[in-house]
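To start, the structure itself, in structure tokens.
Values quoted throughout were computed directly from the atomic coordinates according to the rules given, and no laboratory measurement underlies them. Keep in mind the model is a prediction, meaning the values are calculated, not measured. When we count neighbours, we look across all protein chains shown, and the Cβ atoms used for this are built from the backbone with ideal geometry, even at glycine.
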Amino acid sequence: MSNEIAPQNSNDVDIANKIDEQEEAANKLQATADLKAEYKELAIQGLWKNNPGLVQLLGLCPLLAVTSTVTNALGLGLATLLVLICSNATVSAIRHWVPKEIRIPIFVLIIAAFVTCVQLLMNAYAYGIYQSLGIFLPLIVTNCAIIGRAEAYASKNPVKQAAFDGLMMGLGFAIILVLLGIIREILGQGTLFDGANLLFGEWASVLRIEVMQLDSQFLLAILPPGAFIAMGILIALKNAIDNHIKNKKVVDTEQVIERVRVNFDS
């Protein structure tokens, strides 16, 4: 009797193990899918839906002040991007050991440390752009986009997701900087990548492009008022695109509903 029961119990154990393995595999697949969806959402938020420059309107002081040329804009964008990634990753790594009561001062100290590192690197290897950016380089510490991401996301999520969030937010901010730099430099000076050698070295002098010849500089585009106007145009363009996408979705939904009604009536 016991010999007959043993194989049955063994089969039951094998079946149970297989079920557990299948459930574990399904859970892993679901976790992977959820992680991919989270990364995708972070990318969309940082680059478009919740862009620090276009939507949150954070860091406007350097955004409007240093974007007179593409080179300056790119230099500040890369510096901000690096600080965002490093500060987000660090805040996430120490989030379990930081008391809630003093978290903001600690976050600011972390950001300030990385900004200092970026300053020293630029001073050593890109002194021209370091001088060109001036006070706006250390002012990255006060950029609300950085402290905001540290508080809102990095302090509540794992390191990889926090670093990726910093990457996407930094890229979104840098893209707006470069776009403003392109608009203002073309309209103000008729060139592109003027002074690229300040950021990339002497070889980058060949990157300078003369888009159009101007008898004199267009001061409105070069000065901060021109930056406000260009920024307003970019924000209006984004809102127009969002409204177009929203209206298109509404029309598509109405068409689907109408088709369902026709099929149901027939």
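So the values come out like this:
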item: Selection within the stretch 190-234 - crowded, with 17+ Cβ neighbours inside 10 Å and among the polar types (S, T, N, Q); result: Thr191, Asn197
item: Residue in the stretch 186-204 that is more than 30 Å from Arg103 (Cβ to Cβ) and under 16 Å from the mean Cα position of the chain (by Cα) present; result: no
item: Top-ranked residue in the stretch 62-79 [being out of contact with any Leu (no Cβ under 7 Å at 6 or more places or on another chain) and in a helix (DSSP H, G or I); ranked as nearest to Asn197 (Cα to Cα)]; result: Leu78
item: Residue that is nearest to Leu179 (Cα to Cα), among those in the stretch 223-253 that are of a type in the set (Gly, Ala, Ser) and without any contact (Cβ under 8 Å) to a residue 40 or more places away in the chain; result: Gly232
item: Leu82 within 14 Å of the chain's Cα centre (by Cα) and in contact (Cβ under 8 Å) with a residue 40 or more places away in the chain; result: yes
item: The stretch 92-109 residues that are under 17 Å from Asp165 (Cα atoms), paired with ones that are assigned to a loop (DSSP other than H, G, I, E, B) (beta carbon under 7 Å, 6 or more apart); result: Ser92/Asn157; Ser92/Pro158
item: Residue identified as in contact (Cβ under 8 Å) with a residue 24 or more places away in the chain, in contact with a Lys or Arg (Cβ under 6 Å, 6 or more places away or on another chain) and not aliphatic (A, V, I, L, M) among Phe173, Phe193; result: Phe193
item: Qualifying position, being in a loop (DSSP other than H, G, I, E, B), touching a helix residue (DSSP H, G or I) at 6+ places or on another chain (Cβ under 7 Å) and of a type in the set (Gly, Ala, Ser), among Gly53, Gly46; result: Gly53
item: Residue match in the stretch 23-34 (condition: within 14 Å of the chain's Cα centre (by Cα) and closer than 30 Å to Asp242 by Cβ); result: no
item: Qualifying helices (runs of 4 or more DSSP H) (wholly inside the stretch 88-202; at least 2 residues being in contact with a strand residue (DSSP E or B) (Cβ under 6 Å, 6 or more places away or on another chain)); result: none
